[in-house]
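What follows is a single structure, written as structure tokens, with notes after it.
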Amino acid sequence: MKSLLVNDITLRDGEQAPGVNFFPEEKLRIAEQLVRLGVPIIEAGFPIASEDDVKGVQLVAEEFGDETIICAMCRAHQKDIQVAAEALRGAAKGRIQVVMGTSDIHLKHKFGMSRSEALDLSTKMVAYAKTFMQDVEFAAEDSTRSDLNYLMDVCQACVRAGARTIELPDTVGYATPVDYFEMVSAVVNCLPPEILVSTHCHDDLGLAVANTLAGVQAGAGQVEVTVNGIGERVGNAATEEVIMALKTREDIYHCDLGSIRTPEIVRTSSLVEELSKMTIAHNKAVVGRNAFLHESGIHQDGMIKSPQTYQVMNPQDVGRQGYQFLMGKLSGKHALEQRLRTLHLCDSEDTIREFSRYFKDHAAKKKFITDDDIVGLFERFSTG
Ligand code: MN
């Protein structure tokens, strides 16, 4: 087993999701829940962006910075680094992240810089950040569209300048899992073994989680993820999906997630859903309403016989009470029978059979049938 660090960046990249804004006190509430979830690193904001960002980072650093690493993002600017270092002052375990583009697209259009100028600036700013803080991370923005040899040169130079973590963002969600695996492998292999390489994947093509997992297989020791996958544009690899994939398929990933407490997942997701005002889809993996809900009769029957038949996770492992059955026109007799017995409505075989027919006729009109509906239908059925 290799140990893997989860860096939750909901408070920074998550906040950059269109329409999302967390007030400093809201950041504190989310950070508190992230600490309950057991994440060892929280990226809390981008202090140069606003006074609120400074305040949010300060609050989180003061409250949780003793046990948890609190990270703040900076561009490769001295002023960004000064403001971030100041905001992180209350944290015993602070981390400065310096971001600089490495792709020709970014160098040409965003920075108007040559490769060697950009490399020089990156190493200077990493060294500058080191004058404030031991723990410095360098992020090679748009790494997946960068020339691999140049990318490796920059990463090596930043490590010589003092960076202890190298982040390889798929900033625009362009990589495939094989691309990402190969790039992460190459970078891991060109750096000293004590340097951690981090994933950071966006979901433009729906590949963020797959790419993150490919990065882990390629040797990344840290993953950057956001709760419910919120982030720039369509977002980032989702914290809950990455964690549950690593746990459920421990047989292939062999990762020790240390302090992570998965039963806090649903609570974390709900809090972020509420404060971000970004409603998650019913069919969202791991935390969506339908994740442990079964409607078709064949599946309900299998689930009653053994949950292994149609589920790979236990609902309790993510903080749900149990499996749920949705009773509808596709539900089977066994599931209905179980509901009737659980609700103490009846246990006579004949009545159950008769009610099943009545139920099918009436349930067909409604898609979502709750226990209350079953009670009501049963009363109407009994009174004829
Ligand atoms: Mn990002």
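Here are the numbers for the structure shown:
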item	result
Helix 78-87 axis, angle to the chain major axis (alpha carbon atoms, nearest 10°)	50
Of every Cα-Cα pair in the stretch 2-276, the percent that sits beyond 28 Å	27
Around Val209: net Lys/Arg minus Asp/Glu count, Cβ-Cβ under 11 Å	-3
Point-to-point label distance, Asp66-Asp120, nm (Cα→Cβ direction, 7 Å offset)	4.6
By average C-beta atoms within 10 angstrom, highest first, the peptides 368-374, 108-114	368-374, 108-114
For the stretch 242-315: relative contact order, % (alpha-carbon pairs under 8 angstrom, 6 or more apart)	19
Loop sites in the stretch 178-270: GluC sites (Glu not before Pro), DSSP, at most 14 other Cβ within 10 Å	Glu194
Nearest 10 degrees, 0 to 90: helix 51-64 Cα axis against the chain principal axis	70
Lysines with Cα under 29 Å of Lys360, excluding same-chain neighbours fewer than 8 positions away	Lys284, Lys305, Lys329, Lys333
Segment Arg249-Arg289, length gained on full extension (0.36 nm per residue, minus Cα span)	12.2 nm
Taking Arg29, Arg145 and counting other C-beta atoms within 10 Å, the order from fewest to most	Arg29, Arg145
Förster radius 25 Å - calculated FRET efficiency between Thr342 and Gln311, Cβ distance, rounded to 0.05	0.85
Modelled FRET efficiency - R0 45 Å, Arg357 with Glu25, Cβ distances, 0.05 increments	0.20
Burial ranking of peptide ranges 294-307, 156-169, 325-338 (average Cβ count within 10 Å, highest at the top)	156-169, 325-338, 294-307
Projected label distance in nm at Ser259 and Leu148, using a 7 Å step from Cα toward the beta-carbon	3.7
Helix axis angle, 115-130 relative to the chain longest principal axis, alpha carbon, degrees	80
Extended-chain gain in nm, criterion 0.36 nm per residue less alpha-carbon gap, Glu379 and Arg75	102.9 nm
Peptide ranges 266-276, 97-107, 310-320 listed from the most packed, as the mean C-beta count within 10 angstrom indicates	97-107, 266-276, 310-320
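Each value in this text was obtained by applying a stated rule to the coordinates, not by laboratory testing. Because the structure is predicted, anything quoted here is derived from the model rather than measured. Reconstructed Cβ throughout: ideal geometry from the backbone, glycine too, with neighbour counts over all protein chains shown.
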